[in-house]
């Protein structure tokens, strides 16, 4: 309960700051119309990096720029053109709105955990293996940097499970397959508040169907 309250408090802070940044960026847009001083874009990215780097990771994925490109901008080594800076700022505003909505949805799940998962029959779920899972072989073509939200079927998992993963900062494949020492893959997940064996079964089934190949202790 204490961890959940702390997370809600952090979400409120993030939402307040993101809302303030959006208002500031909106004002910059109105004042600069189709052109923008690249230094303003630099300031925008620096501010977002301090608050929520999920936004500028999405920005990098959409524009094709690497994180190294963005760091070059913020450190003043180079910058996009005035016209592109204006376009990029508009993209950041869109991502801020999306991220704010995600945070508010996460807060709603924490404050009002859905009961659907507990009422849903688990007969259709595959059983968890009795052996301790020590790792996973990734599906062909999938890297550990891949965002989980981009995987087919991930967003269809139960809302409670998705909320638990977000609370535990599990957002990439690397986070998902992480194994802590001798405890195996499942034990750390089961220590997450509101994450029970049924949530684990949903997650394990999703991974197996997505092509993750579990490795077991001998």
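Coordinate-derived values only; no laboratory data. Predicted model, so just to flag it, every value in this text is computed and none were measured. With ideal geometry, Cβ positions are generated from the backbone for all residues, glycine too; neighbour counts draw on all protein chains shown.
Within a 10 angstrom radius of the beta carbon, how do 40, 207 rank from fewest other beta carbons to most?
40, 207
Relative contact order of the chain, please, whole-number percent, based on alpha carbon pairs below 8 angstrom and at least 6 residues apart.
Relative contact order of the chain: 23 percent.
Along the Cα→Cβ direction, 7 angstrom out, place labels at residue 60 and residue 128. What is the inter-label distance in nm?
Each label point lies 7 Å from its Cα, and together they span 3.4 nm.
Using only helices, what value at 222 nm comes out for the chain when you add -39,500 (n - 2.57) per DSSP H run of length 4 or more and divide by the total residues, to the nearest 500 deg cm²/dmol?
-19000 deg cm²/dmol
Using the Cα atoms as the points, what is the convex hull volume per residue of the range 2-111 in Å³?
It comes to 92 Å³ per residue, whole-number rounded.
How far, in degrees from 0 to 90, does helix 82-111 lean away from the longest principal axis of the Cα atoms of the chain, to the nearest 10?
For 82-111 against the chain, the angle is about 40 degrees.
Any idea what angle helix 53-63 forms with the longest principal axis of the chain, computed on alpha-carbon atoms, 0 to 90 degrees, nearest 10?
Once rounded, the angle reads 70 degrees.
Based only on other Cβ atoms within 10 Å, what is the fewest-to-most ordering of 66, 19, 199? Walk me through the numbers before you get to the answer.
Values: 66 10, 19 13, 199 22.
By the 10 Å Cβ count, ascending: 66, 19, 199.
Return an integer: the convex hull volume of the alpha-carbon atoms of the chain, in Å³ per residue.
Expressed per residue, the convex hull around the Cα atoms of the chain is 142 Å³.
Starting from the Cα-Cα distance between residue 90 and residue 27, subtract it from 0.36 nm times their residue separation and give me the gain in nm to one decimal.
In short, 21.5 nm is gained.
Subtract the Cα-Cα distance of residue 97 and residue 137 from 0.36 nm times their separation in residues, and report this length gain in nm to one decimal.
In short, 10.8 nm is gained.
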